[in-house]
Amino acid sequence: MAAADTRVRPEPGVAPVPVVRRRSAIGRFWPQYLAVSPFYLLFLVFGLFPIAFSIFLSFQDWDGIAPMRFVGLAQYQFLLSDPRFWNAVGNTFLIWFMSTIPMLFLALVLAFLLHQNIRFKGFYRVAYFLPNVTSMVAMAIVFGSIFSDSFGIVNSALTAIGLDQVPWLSSEWGIKVTISAMVIWRFTGYNAIIYLAGLQAIPTELYDAAKVDGANTWRIFSSITVPMLRPVILFTVITSTVGGLGLFTEPQVLLGDNGGVGEAGMTIVLYQYNQAFTQFDFGYGSAIAWALFIIASVFAIINWRLIRERDTPRGGRKKGASA
Amino acid sequence: MDALNRRRFLGGLGVVTGAALSGTLAGCGSSTSISADPEELVLWYWNRSVSPVLLDQAAQEIPGTDKRLRADAIGGGYDNKLRTSLAGGAYIPDIAAINSNCALYFPSEDQFIDLNEFGAADLAADYFEWKWNLGTTPTGRFCFWPMDTGPTGFYYRADIFADAGLPDDPESVGAAITDWDGWIELGQELRANADVAIINTAGMVFNQFLNASPERYFDRDDNPLYEADGSAVRDAWDTAIRASEAGITARLPVANEQNAAWSSGRTAGHIEAVWWANVLGDTAPDTAGSWRVAPQPVRPGNSGGSFLTIPRTCKDPEAAYAFITWLTTPEHQAETYNEVQLFPSAPESFTSGTIASELGFFGEQDPLEFFAEAALQVPTTFVSTYEAQAGAFATELANVEAGLKDPERAWDDAVSQTNRNLTKRGVI
């Protein structure tokens, strides 16, 4: 990100755009507009229209075929007093904490190890990234059998070392741990590769200077590596938040549309899917989607504030210069 | 590069975009059927729901008509795809298979043709009355034609029963479990003698109790029945709780584990429809030959089974009706059973002489004879559209079995959640 800071100044050699004729921008640049239009047309049809329509739907009662019935704010009223919705919100955040914190820590350690001079570097990078491109369905079957209550490897191992079996797929915490394990398995390598890119962007001069000054490994790690990696860490936290709030596939393929025993694996998006596409209650599904939008917005604002506040006091960085 | 300059490129782009847009608009305007060919009727179905041999025949010509059939096998999310077409009023199949959840379509019954217009009532006597009834909407329109059915029975491992010192031939087992108390007692003996469960979950008991009950969640006017004391739902709930408390269920809520429990012999029984033998044969082929099926407590029920329907936009409803009646004649249903093991909806299929039993999975026992007898005793009942809103009962039952909730609190929660859902949907 040091490079990004210098780019605040205009690049040399780029002249200001001259104002030649007083013609409208569309009249002058229509071929360019036409050339970029496919994306916007598609976005309009498949992106913006469904978004706008879902706002409209959230004020209706609709089963997908029969005529819609306007219900005003009833869907939102129901949502606020719906214990299943709040259970889903709680589950989503618990699973997000339980997966993101160990995942990012592991990823940082992996990236640090990969950054050392070791043999078969390329192999390890591919190997760590592989879980991210594995089929989710295959993965759910494997995890389902690994964590199987009475037939799984994990419980066999626990019994072998004299511990009690854990009902991984039929207890509230077991389900959350299993889903978190799936998320960690899938995204640790992905984040490690991003950290590795960040590590490689740190100038070696800094390390050399620190060594000359007699800093030990821990000092180097905490005073150079972590601060220099901070923007990358924030980036992974933001992407993990987005991914965590949208968690759907893992619980759905592992436990089905109802989120397992006690709905312990029911996440917000799974609940939305459940209501809209298995209960055919599209109005309520839309209301859940907008509730998720509000929750995600709150998190976006928190993230943004964190970045700004941390950026202002130190080292003469300008407000909003990074990110 | 001079062959493709900017002007030409943009001109070409314009033509392509224009063609695409006009094509889309034309599609929105006229094409309610998914096929533009007037000689062709389109059937939507899913794999193994119709006999492929009969489909091939109809693809040449639907007997008795001048039309041909195009059969589109539709993958996952079948209901979502069909509902999307119906809601959009475009690309609708001329004939559609619908699963046992046909009640889901009752509020939009005007989307489908009343088959009585073509004289369906004259053929009613050829089919199981209870199945015919399931395809009739609360307003009395007959929109869903009976395809296959799913009479249920009590499956059990005869070898494990024998080792545990229990009766192991279907007659004695059936005699021991004429009511649910007898079944629970048998389960307790099995648990005591062999430490084996008689069924995997309490939820299975609950479901199959209701599937065999003439009363379900709602009456024909969609008034809720479950809350009343002594309702069928409450009886099913209490029976399931008793089974769970007696310790005769394996308490395995996850499908993976259930299959493992049956194939490893940790669970020695199940109550399910005729099609379950195929599922089990595929997942646990080693256990073939050791299973038997006995009459379940009280009476058999129905689980699964599908229907055929003609959307009102059908190009040629008369030809479509000719197709569905031809496809489901007793002879053709017997043929379909021999090919893809769909259990017939017409009793005559069993006496026509062409239906063939597949022995082996049930040892010397003839499953066809058993289920044909069971199908005659399935009670007539009413499945409401709004049963989908009553999923809380099964969920809460699983919570009780997992030890998360006390049974009475779970029941109250299930009732209040269902009532809340129904209030939201404007039903009560």
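The values are calculated or read from the model by the stated rules, or taken from the named source; none is laboratory data. Here the structure is a predicted model, which is why all the values come from computation and not from measurement. Cβ: placed from backbone, ideal geometry, glycine included. Neighbour counts: every protein chain shown. What goes into the accessible areas is simple: the full protein's heavy atoms, side chains included, and nothing from ligands, DNA or RNA. Shrake-Rupley method; radii C 1.70, N 1.55, O 1.52, S 1.80 Å.
Counting only helices (runs of 4 or more DSSP H) that sit completely within the stretch B:305-380, those holding 2 or more residues that are touching a strand residue (DSSP E or B) at 6+ places or on another chain (Cβ under 7 Å) and either over 30 Å from B:P285 (Cβ atoms) or not aromatic (F, W, Y) (or both) correspond to B:317-327, B:367-377. Does B:I241 meet the test of being more than 21 Å from B:D195 (Cβ to Cβ) and touching a helix residue (DSSP H, G or I) at 6+ places or on another chain (Cβ under 6 Å)? Spelling it out, B:I241 is indeed more than 21 Å from B:D195 (Cβ to Cβ) and touching a helix residue (DSSP H, G or I) at 6+ places or on another chain (Cβ under 6 Å).
Applying a threshold of 7 Å to beta carbon distances and a minimum spacing of six or more residues, or different chains, the list of pairs starting in the stretch A:242-269 at a residue that is in contact (Cβ under 8 Å) with a residue 24 or more places away in the chain and surrounded by fewer than 22 Cβ atoms within 10 Å (Cβ to Cβ) and ending at one that is of a type in the set (S, T, Y) and assigned to a loop (DSSP other than H, G, I, E, B) reads A:F248/A:T267.
Residues considered: B:A288, B:A320. Of these, the only one that is buried (at least 23 other Cβ atoms within 10 Å of the Cβ) and away from chain A (no Cβ under 14 Å) is B:A320.
For the stretch B:156-165, the set of residues classified as open to solvent by less than 40 Å² (accessible area, probe 1.4 Å) and either within 25 Å of B:D238 (Cβ to Cβ) or of a type outside the set (A, V, I, L, M) (or both) consists of B:Y156, B:R157, B:F161, listed by residue number. Any chance the stretch B:182-197 includes a residue that's in contact with a Pro (Cβ under 7 Å, 6 or more places away or on another chain), among the β-branched types (V, I, T) and buried (at least 21 other Cβ atoms within 10 Å of the Cβ)? Within the stretch B:182-197, none of the residues are in contact with a Pro (Cβ under 7 Å, 6 or more places away or on another chain), among the β-branched types (V, I, T) and buried (at least 21 other Cβ atoms within 10 Å of the Cβ). In this structure, B:T152 does not satisfy being within 14 Å of chain A (Cβ to nearest Cβ) and open to solvent by less than 40 Å² (accessible area, probe 1.4 Å). B:G247 - would you say it is closer than 30 Å to A:S145 by Cα, at pLDDT 95 or above and among the small types (G, A, S)? So B:G247 fits the description; yes. Among the residues making up the stretch A:154-178, those that are away from chain B (no Cβ under 13 Å), assigned to a helix (DSSP H, G or I) and either touching a helix residue (DSSP H, G or I) at 6+ places or on another chain (Cβ under 9 Å) or open to solvent by less than 60 Å² (accessible area, probe 1.4 Å) (or both) are A:V154, A:A157, A:L158, A:K176, A:V177.
Note on the stretch A:270-299: residues that are open to solvent by 10 Å² or more (accessible area, probe 1.4 Å), small (G, A, S) and free of Cβ contacts under 8 Å to residues at least 24 places away in the same chain amount to 1.
Here the stretch A:41-81 is the region considered, the condition is being more than 9 Å from every other protein chain (Cβ to nearest Cβ), in contact with a helix residue (DSSP H, G or I) (Cβ under 7 Å, 6 or more places away or on another chain) and not hydrophobic (A, V, I, L, M, F, W, C), and the residue that is farthest from A:W290 (Cα to Cα) is A:Q60. Working carefully through the options B:A374, B:A294, B:A322, find the one that is under 24 Å from B:Y105 (Cβ atoms), of a type in the set (A, V, I, L, M, F, W, C) and in contact (Cβ under 8 Å) with a residue 40 or more places away in the chain. After applying the criteria, what remains is B:A322. Residue count for the stretch A:141-153 satisfying the condition of being within 11 Å of chain B (Cβ to nearest Cβ), over 13 Å from A:V253 (Cβ atoms) and of a type in the set (V, I, T): 1.
The set of residues from the stretch B:56-89 being hydrophobic (A, V, I, L, M, F, W, C) and more than 19 Å from B:K315 (Cα to Cα) comprises B:A73, B:I74. Residue count for the stretch B:413-428 under the criterion of being more than 12 Å from every other protein chain (Cβ to nearest Cβ) and out of contact with any helix residue (DSSP H, G or I) (no Cβ under 9 Å at 6 or more places or on another chain): the result is 1.
Screening A:L114, A:L110, A:L106 for residues that are at pLDDT 90 or above, under 30 Å from A:I193 (Cβ atoms), part of a helix (DSSP H, G or I) and away from every other protein chain (no Cβ under 14 Å) leaves exactly one candidate, A:L106. Scan A:V183, A:V212 and give me the residue that is open to solvent by 10 Å² or more (accessible area, probe 1.4 Å), within 22 Å of A:T134 (Cβ to Cβ) and more than 14 Å from chain B (Cβ to nearest Cβ). Every option except A:V183 fails the conditions.
Selection of helices (runs of 4 or more DSSP H) fully inside the stretch B:31-144 by the criterion of at least 1 residues being open to solvent by 20 Å² or more (accessible area, probe 1.4 Å), farther than 25 Å from B:A390 by Cβ and of a type in the set (A, V, I, L, M, F, W, C) returns B:52-60. The set of residues in the stretch B:233-282 being in contact with a strand residue (DSSP E or B) (Cβ under 9 Å, 6 or more places away or on another chain), open to solvent by 10 Å² or more (accessible area, probe 1.4 Å), within 12 Å of chain A (Cβ to nearest Cβ) and not in a helix (DSSP H, G or I) consists of B:A250, B:R251, B:R266. Among the residues of the stretch A:56-89, those identified as on the phi < 0 side of the Ramachandran plot, open to solvent by less than 30 Å² (accessible area, probe 1.4 Å) and either assigned to a helix (DSSP H, G or I) or touching a Phe, Trp or Tyr at 6+ places or on another chain (Cβ under 7 Å) (or both) are A:L57, A:S58, A:Q60, A:D63, A:Q75, A:F78, A:L79, A:F85, A:A88, A:V89.
A single entry from A:A127, A:A197, A:A138 fulfils the requirement of being surrounded by fewer than 17 Cβ atoms within 10 Å (Cβ to Cβ), within 14 Å of another protein chain (Cβ to nearest Cβ), part of a helix (DSSP H, G or I) and within 24 Å of the chain's Cα centre (by Cα): A:A138.
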